[in-house]
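Chemist: Got a structure for you, questions after.
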Amino acid sequence: AQKVTQAQTEISVVEKEDVTLDCVYETRDTTYYLFWYKQPPSGELVFLIRRNSFDEQNEISGRYSWNFQKSTSSFNFTITASQVVDSAVYFCALSAPVWNTPLVFGKGTRLSVIA
Amino acid sequence: DSGVTQTPKHLITATGQRVTLRCSPRSGDLSVYWYQQSLDQGLQFLIQYYNGEERAKGNILERFSAQQFPDLHSELNLSSLELGDSALYFCASSGKIDPEQDHQETQYFGPGTRLLVL
């Protein structure tokens, strides 16, 4: 069975601090996909990144970066120089490699960035 | 804007009633997924349709049903509503790529329908 654990329920940081959101996953599949989504206070789910388990390169997109480590089954998300607009709930998700299968989500981490 | 639309945005109803939530996928997407987000259960997959056919089922109650129509929009029907059904219901879509390819596409989510059962 697949499982995603986001151990940090809530994190609070001061603006301009860096923050890392942890994601640990469990799966018996040898290949799989990992995702991060953002849910701002308005409620919608916004796609941030998709990563294939074959690709272990870290990725950077502006102030966002992702560290994928297959050896520790982790896919952590770092926000550099956080801003108030980053305040949201962030979800990590996992899917099987079969074409278009449902996502298994973690419980989410609520990030509050204080000005 | 993800391109996925959901109506209504908010729904308030009473226990025992029946409601229908509607979803229009992104243009060209063939797969529609329904997820429920509640405080105690988190984000849970309910059901998936691909090109009109049911493809996968998750933790969907027997009181709930869904369908996907020829124009690819989908409806989620919730009946005999209970207080515990109050939640945010999301629709997501994906599936432009050939299903013969072993590839997981990104699911794009609609804004959700917030259901309150009183």
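Chemist: Label A:I60 and B:S80 with points 7 Å out from Cα along Cα→Cβ: what is the distance between them in nm?
Modeler: 5.7
Chemist: State, as an integer percentage, the relative contact order of the range B:51-93 based on alpha-carbon contacts under 8 Å between residues 6 or more apart. Provide the component values of the computation, followed by the final result.
Modeler: Numbers: 30 pairs, mean separation 13.3, N = 43.
Worked out over the range B:51-93, it gives 31 percent.
Chemist: In debye, nearest 20: dipole of the protein assembly as shown around its Cα centre with unit charges on the Cβ of K, R (+) and D, E (-)?
Modeler: Value, rounded to 20: 360 debye.
Chemist: Ranking A:V98, B:V4, A:V113, A:V14 by Cβ neighbours within 10 Å, fewest first, what do you get?
Modeler: Numbers: A:V98 14, B:V4 24, A:V113 20, A:V14 10.
Going from sparsest to densest Cβ surroundings: A:V14, A:V98, A:V113, B:V4.
Chemist: Compute the Cα gyration tensor for chain A, then decide on rounded, prolate or oblate, letting a ≥ b ≥ c be the square roots of its eigenvalues: rounded whenever a/c is under 1.5, prolate when a/b is larger than b/c in the other cases, and oblate in all that remain.
Modeler: Numbers: a/c = 2.01, a/b = 1.68, b/c = 1.20.
Prolate shape, in that a/c is at least 1.5 and a/b is the bigger ratio.
Chemist: What share of Cα pairs, in percent, lie more than 23 angstrom apart in the range B:16-109? Show your work: numbers first, answer last.
Modeler: Working: 984 of 4371 pairs.
Tail of P(r) above 23 Å: 23 percent of Cα pairs.
Chemist: I would also like to ask the following. Viscosity 1.002 mPa s, temperature 20 °C: what is the translational diffusion coefficient of the protein assembly as shown from Stokes-Einstein with a Kirkwood Rh over Cα pairs, rounded to a whole number of µm²/s? Show your work: numbers first, answer last.
Modeler: Numbers: Rh = 18.3 Å.
The Stokes-Einstein estimate is 117 µm²/s.
Chemist: Do you know the relative contact order of chain A, to the nearest whole percent, from alpha carbon pairs under 8 angstrom that are 6+ apart?
Modeler: Details: 281 pairs, mean separation 44.1, N = 115.
With pairs under 8 Å counted, the relative contact order is 38 percent.
Chemist: While we're looking at this one, here's another question. Using per-residue counts of other Cβ atoms within 10 Å, averaged over each peptide, order A:70-76, B:47-53 from highest down.
Modeler: Peptide ranking by packing, descending: B:47-53, A:70-76.
Chemist: Based on DSSP loop calls and a cut-off of at most 14 other Cβ atoms within 10 Å, the longest stretch of chain B free of exposed trypsin sites (Lys or Arg not before Pro) is what? All intermediate terms of the calculation are to be shown ahead of the outcome.
Modeler: Values: sites that count: B:K9, B:R18, B:R63, B:K96.
Counting at most 14 other Cβ atoms within 10 Å as exposed, the longest clean stretch of chain B is B:19-62.
Chemist: Within 12 Å, Cβ to Cβ, of A:I49, how many net charges do the neighbouring residues add up to if Lys/Arg are +1 and Asp/Glu are -1? Walk me through the numbers before you get to the answer.
Modeler: Working: positive: A:K38, A:R50, A:R51; negative: A:D55, A:E59.
Net charge around A:I49: +1.
Chemist: Still on this model: Can you list, largest first and rounded to whole Å, the semi-axes you get for the range A:1-60 by taking the square root of 5 times each eigenvalue of its Cα gyration tensor?
Modeler: Details: eigenvalues 114, 41, 36 Å².
Output for the range A:1-60: semi-axes of 24, 14, 13 Å.
Chemist: Follow-up. Around A:F68, with a cut-off of 11 angstrom between Cβ atoms, what is the net charge of the other residues, counting Lys and Arg +1 and Asp and Glu -1?
Modeler: Working: positive: A:R51, A:K70; negative: A:D55, A:E56, A:E59.
Result for the neighbourhood of A:F68: -1.
Chemist: Here is a follow-up. Which order results if A:E17, B:E105 are arranged by neighbouring Cβ count within 10 Å, fewest first? Write down the numbers at each step before the final one.
Modeler: Values: A:E17 13, B:E105 18.
With the fewest neighbours first, A:E17, B:E105 line up as A:E17, B:E105.
Chemist: I've got another one for you. Is there a pair in A:K16/A:K70; A:K38/B:K9; A:K16/A:K38; A:K70/B:K57 whose C-alpha atoms are over 23 Å apart, and which pairs would that be? Each step should come with its number before you reach the end.
Modeler: Working: A:K16/A:K70 29 Å; A:K38/B:K9 19 Å; A:K16/A:K38 19 Å; A:K70/B:K57 29 Å.
In this structure, A:K16/A:K70; A:K70/B:K57 lie more than 23 Å apart at Cα.
Read-outs throughout are calculated quantities, based only on the coordinates presented, and are distinct from any laboratory measurement. None of the values given here were measured: they were computed from a predicted structure. With ideal geometry, Cβ positions are generated from the backbone for all residues, glycine too; neighbour counts draw on all protein chains shown.
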